[in-house]
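The values are calculated or read from the model by the stated rules, or taken from the named source; none is laboratory data. Predicted model, so just to flag it, every value in this text is computed and none were measured. Don't worry about glycine lacking a Cβ; one is built from the backbone with ideal geometry, like all the others, and counts go over all protein chains shown. Please note that ligands, DNA and RNA were not included when accessible areas were found on the heavy atoms of the full protein model with its side chains. Shrake-Rupley method; radii C 1.70, N 1.55, O 1.52, S 1.80 Å.
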Amino acid sequence: MMLRRMQMPRLETKKYRVSSLTQNSDIPHLSFEKKPHQSKSDIDDFEGLFIDYGWCESSYPYTQQNSYVEETKQEITVVVLENDYMYAEFLPTLGGRLWKLYDKKKQKNVLYTNDVIRFRNLSIRNAWFSGGVEWNCGIIGHSPFTCSQMYCAFVKGKNGEDVLRFYEFERVREIYYQIDLWLDDNKLMTAVRIENRNTEVVPMYWWSNMATPEYKGGRVVVPADSAYNNSDGMGIKKSSIPFDNGTDVSYPENIPNTIDYFYDIPQSEDKFIANVDKDGYGLLQFSSSNLKGRKLFSWGHKKGSRHWQNMLTDKAGDYVEIQAGLGKTQYECIPMPPKCVWTFSECYALADIPANKVNAPYNELVNAVKSQIDSLGGCSALDENLTDFANNISLQKGEIVFKGSGFGYLNTVLGGKAPSHLEFCADDEVKPWLDFSNGEQITDKLSFAYGDKMKNILLKNENLCNWNISYQLALLSYDKRDFNKAKQYCERSLIFDNNEYNNHLYAAVLFQLGDEHSVYFAEKCIDIKNNSYCLAESILSLLLKQQEYVSVINSFDKLTDDLKQNPRLLMYLSMAYLKTDNPKKAEEILLSDGGLVLLDFREGDKFLDKLYHGIRKELYNECYDDVIVPEQFDFIVADIKTEERE
């Protein structure tokens, strides 16, 4: 009886150091790229990969989570699964992240559990934090819900399993997905279910992202002898495993540059990945055969790599990510047929292999991991149990303990059909849409439309004299890159009202169409509203994209005093002065008060590198290779000169 009570999912309050979002963006995230995304590839034969299929150029309709402050000690609610063997802790308000997995018998944490929950700019919505296991579904990249509350329910399986469930409605793909988790002795089990109830094929993406320590003398183990990567940013290529250009990359400590290795596991092989320390302990993850992808991510060991590791933690040390996905790479989604359900299962356990196998030839190490998997039931058992997991666990109704977004509820009201075992609730974000669908007038600003159901409501009412209706239709057209149609709708919106929202969108539309009047409408946004960081950041980015550096300076001058202290906006201002032949002013801004400290510098962005090298070249006539970039400005994680990437 005690074991049953201990194992039942329970809520607890913990004190952790957590970053806080300070402002929810109320403007849409718009791509300012002139051409659709296209990956470079050195591979003539894509070998069945769906390169670029399902790529999204922005987070739309999800808004940016780009305003946050450093962590403070806070009480947060966690959900716990526990038995005599394992303790598992989850963060329901932060994407359902599996935060801790502790083996009680061996007294070892299986994961990398950060000592801070520190937001940094690494996801499609900006805010992201390292540590634990993250569940990413729908669109390429870190989940839109990774720093948001998901639906959380407690479920009782037909065989008495005490199950924790996280679920959501993903708006871009218009699919429902759920992650069911339970303990089975010394294993954490998952059953994932993705439902496409649409009549069209949709691009689908799933990657379980596991943070593990970068062990001294440790190795990452996968049953593969080759992997795809894009380490130099010049194109997708294929490398051998474990030796890549003479370096044994199964030892993460050996990896020089930031890199993703997407392992090409043969179809006949078991699907697993492990990261073990020098004594053979670590994380072991294996799955049913349809979760066929595995990945290793390393920050590498450049100065910029060290900067990124330090940016993401306090004293928890370095980490690497090992991942498992539906596709073989993250350069792609895979086609999910209409009216279709996909299910797969994972097992998470403490890797425990003989220490003398860690440094053995790679094949011996792989076989040692396979032996442990067999002792835990094997991958084939997960395949065999998928139907039972679905009937006994995944299709059972649960008791909601946390509510997620209201869009699953709205989708049902607009004619969609949610799975009967999943309950969705309305929230403030969808209430104006619910009122609008019931024939009431629009009195509040609508959250951003997406999909045919919302579009049809707008089209039925497009003759109403309401700026928001035309504005929403313009957003939908912009997202589809139909800029001429977006222009027509924007102009109609501007007739009914003249505000920061439609001016912001109109400026972007005109930019895409090559109309120089884009600058006028961009500047006008700041005239209308000068106290919004999210608006200012987007407008200054757009003006920089157009090389309208004087306009950047003038628009910055109109901002409120507190926004003029924002490091990212000051970085943009510094670049504007550099480009208007005032490198001295640019340097003063960049180095003031000990130098700009950017919490939200974007992974992979070369902006600061170009800015610092540009200043040194103009003021001190230093060539690129002679410039020593201070660590606080060094985010470069590979041997690539930014001046060669212009």
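The figures follow:
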read-out: Charge-dipole axis of segment 506-557 as Lys and Arg at +1 and Asp and Glu at -1 on Cβ define it, positive-most pick from S555, H517, S541; value: S541
read-out: Percent accessible area from carbon and sulfur atoms, the chain, protein chains only, probe 1.4 Å; value: 45 percent
read-out: Calculated FRET value between K40 and S226, using beta carbons and R₀ = 22 Å, to 0.05; value: 0.70
read-out: Among S288, T258, Y177 the positive-end extreme of the charge dipole of segment 166-305 (Cβ point charges); value: T258
read-out: Segment 1-73, relative contact order in percent, only Cα pairs under 8 angstrom and at least six apart counted; value: 55 percent
read-out: Debye intensity ratio I(q)/I(0), log10, segment 283-333, q values 0.13, 0.20 Å⁻¹ (C-alpha model); value: -0.45, -0.79
read-out: Accessible area per residue, Å², segment 120-167 with all protein chains present, probe 1.4 Å; value: 17 Å²
read-out: P(r) tail fraction, segment 231-385 - alpha-carbon pairs more than 21 Å apart, %; value: 52 percent
read-out: Centre separation in Å (Cα based) which lies between segment 478-495 and segment 558-572; value: 30 Å
read-out: Sorted peptide list for 272-283, 76-87, 238-249, criterion being average Cβ within 10 angstrom, highest first; value: 272-283, 76-87, 238-249
read-out: Hydrodynamic radius by Kirkwood, which averages 1/r over all alpha carbon pairs of segment 126-182, in angstrom; value: 12.7 Å
read-out: Segment 491-555: C-alpha gyration tensor shape, a/c 1.5 cut-off, then a/b vs b/c; value: oblate
read-out: Relative contact order (%) - criterion: Cα under 8 Å, at least six apart; region: segment 262-354; value: 40 percent
read-out: Separation between Cα centres of segment 129-185 and segment 340-370, rounded to whole Å; value: 24 Å
read-out: Student exercise, segment 517-646 dipole from Lys, Arg, Asp, Glu Cβ charges, in Debye to nearest 20; value: 500 debye
read-out: Reciprocal of mean inverse Cα separation for the chain (Kirkwood radius, Å); value: 26.1 Å
read-out: Spherically averaged projected area of segment 530-646 from its Cα convex hull (nm²); value: 7.2 nm²
read-out: Taking the C-alpha atoms of segment 174-302, convex hull volume expressed per residue in Å³; value: 146 Å³
read-out: Estimated D of segment 164-218 in µm² per second, where Rh is the Kirkwood radius over Cα pairs and Stokes-Einstein applies at 10 °C, 1.306 mPa s; value: 114 µm²/s
read-out: Relative contact order (%) - criterion: Cα under 8 Å, at least six apart; region: the chain; value: 13 percent
read-out: Cβ-Cβ FRET estimate between N363 and F50, R0 fixed at 22 Å, reported to 0.05; value: 0.15
read-out: Size of charge dipole - the chain - debye, nearest 20, with Cβ of Lys, Arg +1 and Asp, Glu -1, no other charges; value: 1040 debye
read-out: Amide H contacts under 5 Å for S41, placed H, 5+ residues apart; value: I236
read-out: Radius ratio Rg over Rh of segment 330-372, counting only Cα atoms, Kirkwood formula for Rh; value: 1.24
read-out: Shape call, segment 3-60: gyration tensor on alpha carbons, a/c limit 1.5; value: oblate
read-out: Potential extension, K564-R17 segment - 0.36 nm per residue separation minus Cα distance; value: 194.1 nm
read-out: Electrostatic dipole magnitude of segment 411-490 [Cβ: Lys, Arg +1; Asp, Glu -1; Cα centre; debye, to 20]; value: 440 debye
read-out: Stretchable slack from K460 to T443, in nm (0.36 nm times residue separation minus alpha-carbon distance); value: 4.4 nm
read-out: Over 30 Å (Cα to Cα) - which of K524/K579; K35/K460; K295/K417; K397/K460; K529/K585 fall in this group; value: K35/K460; K295/K417; K397/K460
read-out: Where N is the number of residues in segment 61-193, Cα Rg divided by 2.2 N^0.38 Å; value: 1.09
read-out: Two-decimal ratio, segment 269-310, of alpha-carbon radius of gyration to 2.2 N^0.38 Å; value: 1.56
read-out: Diffusion coefficient, µm² s⁻¹, Stokes-Einstein with Kirkwood Rh over alpha-carbon pairs of segment 15-127 at 25 °C and 0.890 mPa s; value: 139 µm²/s
read-out: Shape parameters for segment 406-511, alpha-carbon atoms, Rg then Dmax in Å; value: 14.4, 46
read-out: 222 nm mean residue ellipticity, helices alone, for the chain (DSSP H n ≥ 4; -39,500 (n - 2.57); rounded to 500); value: -8000 deg cm²/dmol
read-out: Accessible surface, per residue, of segment 204-333 when the full set of protein chains is kept, probe 1.4 Å, Å²; value: 29 Å²
